[in-house]
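Only one structure is covered here, and it is reproduced in the block below.
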Amino acid sequence: MASDLTDTRPMGLVIQLGKDEFLVVGQDIKISFARKAGNRDDVELARVEEGRFVDGRWVPGRVINGDERLSIVPSDRFGMTRIRLLPAP
């Protein structure tokens with residue numbers, strides 16, 4: 001079954017852009033980050049911003065703060081979010 005704009009099922013894709021940077025595309029998904037096995041350090045989000053690509057370049061939108069970070073992408077439509085994690089100590 002193909003997904004279309006009326007499809008309301010949770011779905012998403014996470015792409016690692018760099019050591020501590022990720023792109024999340026989708027709708028109504030919840031994600032969390034963890035360090036490699038054996039490392040007990042918590043993972044902190046340094047920056048979460050909505051945005052889009054225009055002519056191959058990231059165009060940032062609003063910065064997501066506080067409780068909004070519990071839902072990285074929108075629940076009612078497709079969204080794109082760039083996430084930067086705080087570097088491991």
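The values are calculated or read from the model by the stated rules, or taken from the named source; none is laboratory data. Computed from a predicted structure; not experimentally measured. In this analysis, Cβ positions are derived from the backbone assuming ideal geometry, glycine residues included, and neighbour counts consider all displayed protein chains. Ligands, DNA and RNA are excluded from the accessible area calculation, which covers all protein heavy atoms including side chains. Shrake-Rupley method; radii C 1.70, N 1.55, O 1.52, S 1.80 Å.
Close Cβ contacts (under 6 Å, 6 or more residues apart or on different chains) running from residues in the stretch 45-69 that are under 19 Å from Leu85 (Cβ atoms) to residues that are surrounded by 12 or more Cβ atoms within 10 Å (Cβ to Cβ) and modelled with pLDDT under 90 comprise Ala46/Leu86; Val48/Ile64; Val48/Arg69.
Would you check if Gly56 is at pLDDT 90 or above and at positive phi? Answer is yes for this residue.
Considered as a group, the residues in the stretch 55-86 that are among the polar types (S, T, N, Q) and more than 11 Å from the chain's Cα centre (by Cα) include one that is surrounded by the most Cβ atoms within 10 Å (Cβ to Cβ), and that residue is Ser75.
Selection of the stretch 10-25 for residues being outside any strand (DSSP E or B) and open to solvent by less than 40 Å² (accessible area, probe 1.4 Å) yields only Asp20.
The single condition from (1) at pLDDT 90 or above; (2) exposed (fewer than 15 other Cβ atoms within 10 Å of the Cβ) that Glu49 fails is (2).
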